[in-house]
């Protein structure tokens, strides 16, 4: 059975592992969406998903604060006349790449030794995209067929790096923080997780999760 390498476990008795999704399990390239949106006339999009005016529409979608039609309506005001919902959908999904087989097979093995979870800042559009791909390629009808629980920001209306989201997953998953490892590719997120007592591992691409188990 696979076990965490000492550098990842920190010498602690880890029983639970929470994985970030984008950049950890699923490959993403935000620049591809940036290019697509620029083609549609949106000059305010950048790799942090930010826009200049008001509360960030991308963060609002990620937090489940606006609907998909509402998202399209807001963006159309920033784009060239005549841009369709499908064009926006294609541009937004362009960043979603693949979930490599080696990572899925790893997770299947890791599950034999640990309770495993997903905690992701994600939105309904991306969720539908990568769940469809995941189901088609690997035969899982949902992520909870593989993971004990999944926490996606658009569903729970909390977002990393807030302390509240980590308090929530600890309570909802009935987790002991000292026995729980959180793996994320954002230092900001792992730093926040550490403040509530979770053990953390910053995955630094091109490093990937297949390298932290033995």
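Derivation of every value follows stated rules applied to the coordinates shown; laboratory data play no part. Given the structure is predicted, the values throughout are model-derived calculations rather than measurements. All Cβ positions, even for glycine, are placed from backbone atoms using ideal geometry, and neighbour counts span all protein chains on display.
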Using Cβ counts within 10 Å as a stand-in for footprinting exposure, how do 31, 59 rank, fewest first? 31, 59
For the chain, set up a GNM with springs between Cα atoms under 10 Å and report which of 94, 174, 193 has the largest fluctuation. 174
Working from Cα positions, state the angle (0 to 90°, nearest 10) between the long axis of helix 163-172 and the longest principal axis of the chain. 60
Given all pairs of different Cα atoms, what value in angstroms does the Kirkwood hydrodynamic radius of the chain take? 18.1
Between the Cα axis of helix 124-138 and the main Cα principal axis of the chain, the angle (0 to 90°, nearest 10) is 60
Which of 127, 114 has the fewest Cβ neighbours within 10 Å, and the rest in rising order: 127, 114
What angle, in degrees between 0 and 90 and rounded to the nearest 10, separates the Cα long axis of helix 101-110 from the longest principal axis of the Cα atoms of the chain? 40
Neighbour-count order for 200, 210, fewest beta carbons within 10 angstrom listed first: 210, 200
